[in-house]
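Trainee: Below: one structure in C-alpha cells.
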Amino acid sequence: MTETSANPNGILRILTRLREYARRPAETELDPAARGTASPFWVIVQKEFGDHMRSWRFGILIGIIALACIGSIYAAVTALKDGAQSQDADTSFLFLQMFTASDGTLPAFSTFVSFLGPLMGIALGFDAINAERGKGTLGRLLSQPIYRDDFIRAKFTASLLLIAVVLFALGFLVMGLGLFTIGYPPTPEEAIRVVLFLVVGVIYVGFWLNLSMLLSIRFRQAATSALSGIALWIFFTVFYGMITGIVDKATTPPETSALSVLLRHANNMLLLNRLSPSYLFTETTGTLLTPGIRSLGPLTTEQVVGAIASPLPLGQSLLLCWPQLVGLLAATMICFGLSYALFMRQEIRSRA
C-alpha cells in the first residue's frame, strides 16, 4: 500500500464509489457496461495505480532506476564508439548491443534491469496487504460489495501495470537513443527481440512483486515483510552464486574422469543454478538480445565440429530460451497462487 492509499480522502473516495455500485438495480448487477460504471475491481485498480504514481516511494525508486539506466546507456554508447574504431569489432546486431554492451565502467542495461528490477517489485508489494490491515482499512473495504479475490487481484494488477509502464518507457528510451547513436532504425527482428526482452522483464519483476505480496500477507508488520523480501533478493542476487560455486568446487570430479561423468556434473550444476530466478532471467534475456548464443548448456567436441558460426533466427532463439521463460512464469504463478490461497483463508478483522 502506498503512502496516499491510507489517507481518509482516498478511503472515502473508494468507499463512495463502492456504495454507488451497491445501490445499482439487481438486474444489472452482472453487466457493469449496462450500468455505465466501473466494477469494484477496476475501481481499486485505478485508485491503487494513481496512489503508486503519486507516492514519494515510487518517485525516488524510479529516479534511481532511471539514473542507473542512463548511465548504462552512456557506457553502451562509449563501447560502441570504441568498437567502431576497431577492425575486429562485431558490427552485427548493433541495435541489440545497446542493451548488452558496456565499456567496463558500468553494467549493461539488461544487467541493471536484472539487479534493480526486483527492488521495484518489492517496493510496490511489501505492504500491499498488511498496511491495509494495520490501519483498519481492510475490513472497511471488504465490508463493501466487493469480493475478496477482486481485492488481491486488483492490488497485483495495478502494480504490474505500473511495472510494465516503467520498463517499456525505459526500453523505448534506450531504443530512441540508439537511433541517434547508430544512425539507422532497427530491423523488424531486432525490434521484436527488444519487445520480448521487455515482456520477460515484466514477468521477472512480477515474480518479485508476487513474492513481496505473499510476505505482506504472511507477516503483519510491513517492516518484517520488507526486510524478508530484501533478504531474499540479496540471497539470490549475491550469495546464491557463491554457494553454487562452493558446491561446484567441492563436487568437481577429477579431470581424468570419463566424459559422461563430467557432463553429468556440469548438467547438475546448471540445474542448481537455474533454481535462481535471476539466473533464469539472465539466460532468457541473453538468448533474446544476443542471437549468436546457440546453446545454454555444455557441448561436446562432436557437437561443435561442423557447426556453422551464424546467429540464430528469432524462432530458434525462442525455442532455446523457452524452458527458462516457462520457469519464470511458473514461479510467478506459484507465488500468486500461494498469496491468493493464504489471503482467502485469513480472517479479516477491523481494528477496534
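The values are calculated or read from the model by the stated rules, or taken from the named source; none is laboratory data. Note that the structure is predicted; figures quoted are calculated from it, not measured. When we count neighbours, we look across all protein chains shown, and the Cβ atoms used for this are built from the backbone with ideal geometry, even at glycine. Only protein heavy atoms, including side chains, enter the accessible area calculation; ligands, DNA and RNA are left aside. Shrake-Rupley method; radii C 1.70, N 1.55, O 1.52, S 1.80 Å.
Trainee: What FRET efficiency, computed as 1/(1 + (r/R0)^6) with R0 = 30 Å and r the Cβ-Cβ distance, is obtained for THR224 and ALA191, rounded to the nearest 0.05?
Mentor: Working: r = 43 Å, r/R0 = 1.45.
With R0 = 30 Å, the Cβ-Cβ based efficiency is 0.10.
Trainee: Dividing the alpha-carbon Rg of the range 122-162 by 2.2 N^0.38 Å yields what? Provide the component values of the computation, followed by the final result.
Mentor: Details: Rg = 10.5 Å, N = 41, 2.2 N^0.38 = 9.0 Å.
Compared with the compact-globule rule of thumb, the range 122-162 sits at 1.17.
Trainee: Whole number please: convex hull volume per residue, Cα atoms of the range 172-279, in Å³.
Mentor: 183 Å³
Trainee: Separate question: In whole percent, and with a 1.4 Å probe on the protein chains, what portion of the accessible area of the range 234-295 is carbon and sulfur?
Mentor: 68 percent
Trainee: Another question, then. Please work out the average accessible area per residue across the range 42-150, using the 1.4 Å probe convention, and give it in Å².
Mentor: About 44 Å² of surface per residue is accessible.
Trainee: Using a Förster radius of 22 Å, what is the FRET efficiency between HIS265 and LEU296 based on their Cβ-Cβ separation? Nearest 0.05, please.
Mentor: Calculated value: 0.85.
Trainee: Here's a follow-up. Check GLY292: other-chain or 5+ apart residues with amide H under 5 Å from its amide H, H built from backbone geometry?
Mentor: Residues meeting the criterion, in which the H sits 1.01 Å from N, are LEU312.
Trainee: With the crude spin-label approximation of a point 7 Å out along Cα→Cβ, what separation in nm comes out for LYS81 versus MET242?
Mentor: A separation of 3.8 nm, rounded to one decimal place.
Trainee: Can you grab the distance from the C-alpha centre of the range 142-169 to the C-alpha centre of the range 255-300, Å, no decimals?
Mentor: Cα centres, the range 142-169 to the range 255-300: 36 Å.
Trainee: If you average over every viewing direction, what projected area does the convex hull of the Cα atoms of the range 95-158 give, in nm²? Don't skip to the answer; put the middle values down first.
Mentor: Values: hull surface 26.0 nm².
That works out to 6.5 nm², a quarter of the Cα hull's surface.
Trainee: Can you pull out the GluC sites (Glu not before Pro) in the range 233-302 that DSSP calls coil and that have at most 12 other Cβ atoms within 10 Å?
Mentor: GLU255
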